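Report on one structure; see the data block that follows.
The values are calculated or read from the model by the stated rules, or taken from the named source; none is laboratory data. The shown structure was predicted, so the numbers you read here are calculated from the model rather than taken from an experiment. A quick note on method: Cβ atoms are made from the backbone with ideal geometry, for glycine too, and the neighbour counts reach across all protein chains shown.
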Amino acid sequence: MAKSPETEHPNKAFGWAAKDKSGLLSPFHFSRRDNGDNDVTVKILYCGVCHTDLHTIKNDWGFSYYPVVPGHEIVGIATKVGKNVTKFREGDRVGVGVITGSCQSCESCDQDLENYCPQMSFTYNSIGSDGTKTYGGYSESIVVDQRFVLQFPEGLPSDSGAPLLCAGITVYSPMKYYGMTEPGKHLGVAGLGGLGHVAVKIGKAFGLKVTVISSSPNKEDEAINRLGADSFLVSSDPQKMKAAIGTMDYIIDTVSAVHALFPLLGLLKVNGKLVTLGLPEKPLELPIFPLVLGRKMVGGSDIGGMKETQEMLEFCGKHNITADIELIKMDEINTAMERLAKADVRYRFVIDVANSLSPP
Amino acid sequence: MGKEAFGLAAKDNSGVLSPFRFSRRETGEKDVKFKVLFCGICHSDLHMIKNDWGVSTYPLVPGHEIVGVVTEVGSKVTKFKTGDKVGVGCMVGSCGSCDSCTEGLENYCPKTIQTYGFKYYDDTITYGGYSDNMVCDEGFIIRIPENLPLDAAAPLLCAGITVYSPLKYHGLDKPGMHIGVVGLGGLGHVAVKFAKAMGLKVTVISTSDSKRDEAINRLGADSFVVSRDQKQIKDAMRTLDGIINTVSATHSLLPLLGLLKPKGKLVMVGVPEKPLELPVMPLIFERKMVMGSMIGGIKETQEMVDMAGKHNITADIELISADYVNTAMERLEKADVRYRFVIDVANTLKPAP
């Protein structure tokens with residue numbers, strides 16, 4: 001007979017889970033494995049609320065396995081380390097991001113690109129290396145193989161640093177991989193939400209000129225005066241878009257709804273690169289003429305490997321880059337999810353887990 | 001004004017070509033004049049004579065795969081002399097000063113002047129290679145290696161560079177790499193030859209099985225996948241470093257993306273008129289890319305032709321007489337050619353009576 005979530009593992013655990021595709025989160029008792037020789041047990045302090053959490057609890061992508069305990073932007077304190085663990089000690093401030101397992105022996109894993117391993121497993125809603133379901137950071141603690149634990153740099157705050165573990169790496173990795181970091185070049189950031197606002201900050205730290213491309217004119221003041229963007233382009237203004245044709249070297253496209261690529265491709269210079277990070281429900285329309293006439297590229301990206309995630313954290317620590325967050329209590333999560341669905345947040349909710357999650 | 005010339009022109013968007021007298025400019029100090037021997041028929045010629053892209057002006061003398069023998073050079077020409085075997089491809093001018101031009105990528109200059117149907121610096125309209133002679137700035141003339149037969153070399157000037165440039169630019173030219181070529185026509189068959197000469201493993205991807213024997217036994221491809229056969233696609237999943245996609249009809253990108261290894265590159269050199277559906281998951285979860293490419297700069301065109309000379313790469317052609325050209329266009333529309341028509345200009349193009 002299948003074990004229940006409560007009895008699957010030897011140690012009691014508590015968090016909040018969605019039980020069905022209504023997405024409503026509520027208290028949930030489950031269990032965590034013992035801390036193995038390669039493991040680190042993390043007492044969770046904060047957990048960011050990523051849009052992926054919302055998609056997963058509502059089963060938008062069709063592969064949610066309920067009950068789902070979301071959360072993959074986790075910052076906490078190491079309370080136990082296994083005897084083979086060399087990189088961490090008890091008391092260290094650590095992070096756990098989007099993945100917590102991979103085969104550790106394929107070409108991708110050898111290249112520190114665990115995110116492209118065909119056997120990669122996610123921090124939640126996934127089957128881990130031990131064959132059991134993974135539960136994420138909307139919980140008191142988590143047990144993770146040391147390879148998937150990150151050192152949190154001193155000086156990087158735990159609460160506003162948490163979203164870097166998904167939003168940060170999702171933007172940083174493609175910028176490095178596609179060579180979008182040459183100082184003085186011009187980066188367009190389409191969409192100003194969780195990913196977009198971090199992209200502006202990281203872009204500026206690389207020495208790029210940054211233009212935010214958005215359909216909401218009311219974000220202009222924020223974009224320029226608070227986030228430090230150099231300019232703001234209203235995508236629904238045909239004249240302004242026309243004037244900006246052929247001016248950008250790179251575009252990070254964070255928009256997750258179905259949207260038109262044609263006007264964005266027009267903004268690129270010859271050899272320009274557009275990297276799309278959002279996951280729309282339907283395929284996008286790709287006009288081929290602009291790609292061919294201007295030798296332009298459309299690529300995608302998804303988080304990053306563990307080594308580059310650590311590199312990204314160091315980079316953000318050095319440049320004082322954090323997310324703009326709204327700290328919430330655990331029992332405010334359902335309201336937060338409703339607001340997230342309407343993009344009503346500047347720009348990431350973060351759950352104050354340690355101070356607000358308590359078993360009933 | 002200028003010197004007399006004659007050729008074949010389309011007079012309207014019926015696309016029917018007929019004899020046409022016109023004049024070429026006097027050979028300027030930087031110009032090279034040559035007698036046209038052969039001219040390849042590119043699918044773009046067909047699109048242009050019918051005004052498929054809405055940019056054609058008539059009368060239109062097509063032809064941008066032009067080869068011949070130099071008859072006159074201007075006083076400041078240093079690289080060519082009378083008697084040299086030369087060719088001209090898709091461009092005859094560019095601004096010379098923008099970023100693209102300074103990097104030897106005249107093809108991406110916003111002021112590129114195409115070989116036919118475009119306004120030249122002197123405000124005249126350019127006329128292409130379906131004609132008895134060409135006058136062209138030295139900077140856009142390509143030297144044809146001595147050992148290459150001129151008729152079969154002509155298509156390299158467009159088809160050749162169109163597939164060579166992205167193989168090099170995107171690093172898909174390392175021996176041992178595995179690339180796919182989608183579509184086995186004018187571009188596709190030349191792509192197979194260049195890729196094999198670069199030491200690559202080549203899989204041809206086509207909608208029907210009919211070209212399998214040709215692809216493998218004559219062109220030297222290593223394998224062949226029918227894109228509509230789900231099992232063949234499944235067996236070839238995640239095997240290709242890159243794909244050169246020559247197809248210009250609307251088609252599905254999803255199976256092609258599936259054939260790429262993670263981080264693989266899908267290069268579009270065919271230009272479908274309508275946008276294609278782009279499945280985003282293969283890009284996001286496997287870091288695959290879709291990019292475009294269009295001919296190449298003059299320096300790399302010369303490099304490509306020199307490589308063709310070294311490896312004896314030429315196009316597979318059907319040599320036709322000038323008066324067959326309209327029939328050839330009808331057959332080209334049905335892809336009924338293995339794999340490029342080339343007009344025997346010098347021997348068969350006669351002026352209008």
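Suppose we filter B:Asp209, B:Asp213, B:Asp222 for residues that are surrounded by fewer than 17 Cβ atoms within 10 Å (Cβ to Cβ), among the acidic types (Asp, Glu), outside the structural domain of B:Tyr339 (by the TED database) and within 24 Å of the chain's Cα centre (by Cα); which single one remains?
Result of the check over B:Asp209, B:Asp213, B:Asp222: B:Asp222.
Step by step: first the residues of region A:70-107, then only those that are free of Cβ contacts under 8 Å to residues at least 60 places away in the same chain and in contact with a Cys (Cβ under 6 Å, 6 or more places away or on another chain), then the one that is nearest to A:Ile142 (Cα to Cα). Which residue is that?
A:Ser102
Being in the same structural domain as B:Leu148 (by the TED database), among the basic types (Lys, Arg), closer than 26 Å to B:Ala215 by Cβ and surrounded by 18 or more Cβ atoms within 10 Å (Cβ to Cβ): is that true of B:Arg331 here?
In short, no.
Restricting to region A:130-150, count the residues that are modelled with pLDDT under 95 and either within 28 Å of A:Tyr177 (Cα to Cα) or among the β-branched types (Val, Ile, Thr) (or both).
Counting residues in region A:130-150 that are modelled with pLDDT under 95 and either within 28 Å of A:Tyr177 (Cα to Cα) or among the β-branched types (Val, Ile, Thr) (or both) gives 1.
One residue is enough: does region B:67-89 have a residue meeting the conditions under 23 Å from B:Gly292 (Cβ atoms), in contact with a strand residue (DSSP E or B) (Cβ under 7 Å, 6 or more places away or on another chain) and either touching a residue at least 60 places away in the same chain (Cβ under 8 Å) or outside the structural domain of B:Val36 (by the TED database) (or both)?
For region B:67-89, residues under 23 Å from B:Gly292 (Cβ atoms), in contact with a strand residue (DSSP E or B) (Cβ under 7 Å, 6 or more places away or on another chain) and either touching a residue at least 60 places away in the same chain (Cβ under 8 Å) or outside the structural domain of B:Val36 (by the TED database) (or both): present.
Can you name the condition, by its number, that A:Leu327 falls short on among (1) more than 8 Å from chain B (Cβ to nearest Cβ); (2) assigned to a strand (DSSP E or B); (3) touching a Leu at 6+ places or on another chain (Cβ under 9 Å)?
Every listed condition holds for A:Leu327 apart from (3).
From A:Asp53, A:Asp34, grab the single residue that is part of a loop (DSSP other than H, G, I, E, B) and either buried (at least 23 other Cβ atoms within 10 Å of the Cβ) or touching a residue at least 24 places away in the same chain (Cβ under 8 Å) (or both).
A:Asp34
What helices (runs of 4 or more DSSP H), lying completely within region A:172-287, carry at least 2 residues that are over 23 Å from B:Met294 (Cβ atoms)?
A:194-205, A:238-243
Scanning for something modelled with pLDDT of 95 or more, surrounded by fewer than 23 Cβ atoms within 10 Å (Cβ to Cβ), under 20 Å from A:Asp302 (Cβ atoms) and not basic (Lys, Arg), does region A:181-190 turn up at least one residue?
Yes, region A:181-190 has at least one match.
Please find, among B:Gly188, B:Gly199, B:Gly176, B:Gly183, the residue that is under 17 Å from the mean Cα position of the chain (by Cα) and at positive phi.
Among B:Gly188, B:Gly199, B:Gly176, B:Gly183, only B:Gly183 is under 17 Å from the mean Cα position of the chain (by Cα) and at positive phi.
When residues of region B:309-339 are filtered for being assigned to a helix (DSSP H, G or I), out of contact with any helix residue (DSSP H, G or I) (no Cβ under 9 Å at 6 or more places or on another chain) and among the charged types (D, E, K, R), how many remain?
2
What is the residue count in region A:278-292 for residues that are buried (at least 17 other Cβ atoms within 10 Å of the Cβ) and within 7 Å of another protein chain (Cβ to nearest Cβ)?
Total meeting the criteria: 8.
A:Ile252 - would you say it is more than 14 Å from chain B (Cβ to nearest Cβ) and either crowded, with 19+ Cβ neighbours inside 10 Å or out of contact with any helix residue (DSSP H, G or I) (no Cβ under 9 Å at 6 or more places or on another chain) (or both)?
Taking the combined requirement at face value, the residue does not satisfy it.
Taking region B:270-303, which residues are more than 7 Å from chain A (Cβ to nearest Cβ) and either assigned to a strand (DSSP E or B) or more than 26 Å from A:Met175 (Cβ to Cβ) (or both)?
B:Gly270, B:Glu273, B:Lys274, B:Ile295, B:Gly296, B:Gly297, B:Ile298, B:Lys299, B:Glu300, B:Thr301, B:Gln302, B:Glu303
Going by what's in this entry, would B:Thr162 be described as more than 20 Å from B:Gly297 (Cβ to Cβ) and of a type in the set (Ser, Thr, Tyr)?
No.
Can you pull out every residue in region B:263-290 that is buried (at least 21 other Cβ atoms within 10 Å of the Cβ), under 25 Å from B:Ile142 (Cβ atoms) and of a type outside the set (Gly, Ala, Ser)?
Scanning region B:263-290 gives B:Val267, B:Met268, B:Val269.
Just one of the numbered conditions (1) surrounded by fewer than 20 Cβ atoms within 10 Å (Cβ to Cβ); (2) over 23 Å from the mean Cα position of the chain (by Cα) is not true of B:Thr102; which one?
(2)
Looking at A:Pro238, is it over 20 Å from B:Leu276 (Cα atoms) and without any contact (Cβ under 8 Å) to a residue 60 or more places away in the chain?
Yes; evaluated as a whole, the condition is true for this residue.
I'd like the residue in region B:31-73 that is among the aromatic types (Phe, Trp, Tyr) and over 22 Å from B:Arg331 (Cβ atoms) and, out of all such residues, is surrounded by the most Cβ atoms within 10 Å (Cβ to Cβ).
This residue is B:Phe34.
Exactly one condition in (1) more than 22 Å from B:Val190 (Cα to Cα); (2) at pLDDT 95 or above; (3) part of a strand (DSSP E or B) is not met by B:Gly68; state its number.
It fails just one condition, (1).
Please find, within region B:108-126, the residue that is nearest to the other protein chains (Cβ to nearest Cβ) out of those that are under 17 Å from the mean Cα position of the chain (by Cα) and either among the hydroxyl-bearing types (Ser, Thr, Tyr) or assigned to a loop (DSSP other than H, G, I, E, B) (or both).
Top of the filtered list is B:Tyr108.
Among the residues of region A:313-321, is any among the acidic types (Asp, Glu), surrounded by 19 or more Cβ atoms within 10 Å (Cβ to Cβ), in contact (Cβ under 8 Å) with a residue 40 or more places away in the chain and under 30 Å from A:Asp110 (Cα atoms)?
no
Among the numbered criteria (1) more than 9 Å from every other protein chain (Cβ to nearest Cβ); (2) farther than 24 Å from B:Gly160 by Cβ; (3) surrounded by 22 or more Cβ atoms within 10 Å (Cβ to Cβ), which single criterion is violated by B:Thr250?
With respect to (1) more than 9 Å from every other protein chain (Cβ to nearest Cβ); (2) farther than 24 Å from B:Gly160 by Cβ; (3) surrounded by 22 or more Cβ atoms within 10 Å (Cβ to Cβ), B:Thr250 is out only on (3).
Just checking, does region A:24-47 include any residue being modelled with pLDDT of 95 or more, within 18 Å of the chain's Cα centre (by Cα) and farther than 19 Å from A:Val94 by Cα?
No, because not a single residue in region A:24-47 is modelled with pLDDT of 95 or more, within 18 Å of the chain's Cα centre (by Cα) and farther than 19 Å from A:Val94 by Cα.
Quick one: which of B:Ile343, B:Ile320 is in contact with a Phe, Trp or Tyr (Cβ under 6 Å, 6 or more places away or on another chain), in contact (Cβ under 8 Å) with a residue 24 or more places away in the chain and surrounded by 14 or more Cβ atoms within 10 Å (Cβ to Cβ)?
B:Ile320
Please work out which residue is surrounded by the fewest Cβ atoms within 10 Å (Cβ to Cβ), limiting yourself to region A:293-309 and to residues that are touching a Gly at 6+ places or on another chain (Cβ under 9 Å) and either away from chain B (no Cβ under 14 Å) or polar (S, T, N, Q) (or both).
That would be A:Met306.
Right, B:Leu260: more than 11 Å from chain A (Cβ to nearest Cβ), surrounded by 22 or more Cβ atoms within 10 Å (Cβ to Cβ) and either more than 24 Å from B:Ala249 (Cβ to Cβ) or hydrophobic (A, V, I, L, M, F, W, C) (or both) or not?
yes
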